[in-house]
Amino acid sequence: MPLIAVATWKFGLGACRETYRNLAAGASALDAVEKGVRVTEEDLDAASVGLGGRPNADGIVELDAAVMCGPGRRYGAVAGIRDIGEAISVARLVMEKTPHNLLVGEGARQFAVEQGFKPRWLLTEHRRLEWEEWKRSRGESESSHDTVCVLALDGAGGLCAGTSTSGIAYKLPGRVGDTPLVGCGLYCDQLAGAAAATGPGEVIMRYVVSFRIVEEMRRGAPPHEACLSALGWIASENPRTGEQPLIGVIALNPSGEWGAAGSQPGFPVAIATSGGTELIEAVV
């Protein structure tokens, strides 16, 4: 069984490498994805994920994250969690240690603390200064919505998908995007494949994009065709008028075939295999 990891964006390169490193050491796809996503969550240069992510309109960083495993379609997520940078790990524990799938806000934070996570201030000085400048300019929410998404296939054939983001910069407090929502930001089915999406969550949610991609693979479409099909469906119902938001999607099937596509140019994807890790521009 080939080992493979796929991740979104240039800042996902580190996550992709770490995911594959763990796969090569014999880790499950779930363990590898969690550890890979954690790399980006701790990356201060990733302005839309974890520690150092851009805050909401009140200057508070709120994180969304999710994980989903192919076997049994197990799924856990957190949304609007504050003060806890390891959102992907909390999402995993929601899946493994509660009867629930999704915890939000203060409930998610309290659960994380009970599980041993230490609260910390996630707004860095650099992001605070950016936020203050945004307030002075009386700006609206910015189109900063880049989610780190990681898909992995392990040596036993197990599939897993993980996502994490701080969401749209300067969003309304409590806003939740597609990232933690099953079928929207991610979906994983052991027999059909795994998929994840990044971009404007309000659009991705309405089209349940990741589920659509996995269902296309279930019907026999290769991953790259499944990705293009989902984006084509959105475009057909939303004729291009002026500048369109960038939606990026990635997919991986149980055979180790992967695919990616963007609704416009400028969507890099990281791929890690036995041949190494590379960053490529997704097809449009």
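None of the figures in this text is laboratory data; all of them are computed from the coordinates on show. Keep in mind that this is a model prediction, so the values were computed, not measured. Cβ atoms come from the backbone with ideal geometry, glycine included; neighbour counts cover every protein chain shown.
At a glance:
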| read-out | value |
| --- | --- |
| Spatially near lysine pairs across the chain, Cα under 20 Å, sequence gap of 8 or more or different chains | 5 |
| Sites Glu114 and Ala24 - FRET efficiency at Förster radius 41 Å, r taken between beta-carbons, to 0.05 | 0.75 |
| Stretch gain in nm, segment Glu278-Lys135, where the contour uses 0.36 nm per residue and the Cα spacing is subtracted | 47.6 nm |
| Contour minus Cα-Cα distance for Ile60 and Glu42 (0.36 nm per residue) | 4.8 nm |
| Cα gyration tensor shape of region 97-180, rounded if a/c is under 1.5, else prolate or oblate by comparing a/b with b/c | prolate |
| Cα gyration tensor category, rounded, prolate or oblate, for region 44-117 with a/c compared to 1.5 | prolate |
| Three-way shape call for the chain based on the alpha-carbon gyration tensor, with the a/c threshold at 1.5 | oblate |
| Full-stretch length increase - Ala156, Glu202 - with 0.36 nm per residue and alpha-carbon distance subtracted | 13.0 nm |
| Cβ-Cβ FRET estimate between Leu172 and Glu237, R0 fixed at 22 Å, reported to 0.05 | 0.25 |
| Residue list for region 1-38, given a label point 7 angstrom along the Cα-to-Cβ vector of Glu96 and an amide N cut-off under 15 Å | 27-38 |
| Residues Glu125 and Arg74, FRET efficiency given R0 of 45 Å [Cβ-Cβ distance, rounded to 0.05] | 0.70 |
| Rg to Rh, two decimals, where region 138-284 supplies the alpha carbon set and Rh follows Kirkwood | 0.97 |
| Antiparallel bridges, percent of DSSP beta bridges restricted to the chain (to nearest 5) | 90 |
| Ascending count of other beta-carbon atoms within 10 Å, so fewest first, for Met1, Met68 | Met1, Met68 |
| Cβ-placed point charges (K, R +1; D, E -1), dipole of the chain about Cα centre in debye, nearest 20 | 320 |
| Per-residue ³J(HN,Hα) for region 51-59, Karplus 6.51 cos²θ - 1.76 cosθ + 1.60, θ = phi - 60°, Hz, x for Gly and Pro | 4, x, x, 5, x, 7, 5, 8, x |
| Cβ-defined net charge surrounding Ala251, 15 Å radius [Lys, Arg +1; Asp, Glu -1] | -2 |
